[in-house]
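Heads up, the thing below is written out as C-alpha cells.
Since every read-out is calculated from the coordinates, none of them should be taken as a lab result. A quick note: this is a predicted structure, and the numbers were derived from the prediction, not measured. Neighbour counts run over all protein chains shown; Cβ positions are idealised from the backbone, glycine included.
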Amino acid sequence: MSYAMPAANLGDWVLFYSHEGAEPVIAIVQKVGQRTLILWALSPGYGGVEKPSVHHKDDVGLVDNAEWKKAGSWAHKPNDTRMVILSEKLAALEQKVEILSRRLTK
C-alpha cells in the first residue's frame, strides 16, 4: 500500500514545522508535487523563506529518511479540517480502487 499525501492546492495556507517539536509557522503553498510541497514560510521581520521538497508530517518516509526530515514538514491549519477530512476520504477511496484493480488483474 502506498502513501498518499493529503490534498493541498496552490495558494493554500498551511503550517510549516522546521523540525520535529518545532513551533509551526504559517506558510503558503507555492507548488504541489506528488508527495511534496514547495512552501513560502513567513518569517516576521524578514518576509519569508522558500522551503522546497517539504513532506506532510504523516508521510511514512520521514521516519527513515534524514534528508527529508531536514526539509521540515507541513500540516493543514486547524481551520482547514474540511480539507483534511476530504483528503482522508480521497486516500481511502484510492486505496480501495488500488485493491479492486489488483483483484481484477489477477
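Can you sort D64, D59 so the residue with the fewest Cβ neighbours within 10 Å comes first?
The most exposed by this proxy come first: D64, D59.
Using Cβ counts within 10 Å as a stand-in for footprinting exposure, how do E67, E88 rank, fewest first?
With the sparsest Cβ surroundings first, the list reads E67, E88.
How many lysine pairs are close in the chain, with Cα atoms under 14 Å apart and the two 8 or more places apart or on different chains?
Total qualifying Lys-Lys pairs in the chain comes to 6.
Summing -39500 (n - 2.57) over the DSSP H runs of n ≥ 4 in the chain and dividing by its residue number, what mean residue ellipticity at 222 nm do you reach, to the nearest 500 deg cm²/dmol?
Dividing the helical sum by the residues of the chain leaves -9500 deg cm²/dmol.
Using the basic label-point model (7 angstrom from Cα toward the beta carbon), what is the D58 to R102 distance in nanometres?
Result for the modelled spin labels: 2.0 nm.
In degrees from 0 to 90, rounded to the nearest 10, what is the angle of the helix 81-105 Cα long axis to the longest principal axis of the chain?
30 degrees
By count of other Cβ within 10 Å, fewest leading, how are W74, W68 ordered?
Exposure proxy ranking, most exposed first: W68, W74.
Report which label in [x] 1.18; [y] 1.04; [z] 1.92 holds the value of Rg/Rh (Cα atoms, Kirkwood Rh) derived from the coordinates of this structure.
[y]
For A22 paired with A7, estimate the spin-label separation in nm (one decimal), with each label point 7 Å from Cα along the Cα-to-Cβ line.
The answer from the label model is 2.8 nm.
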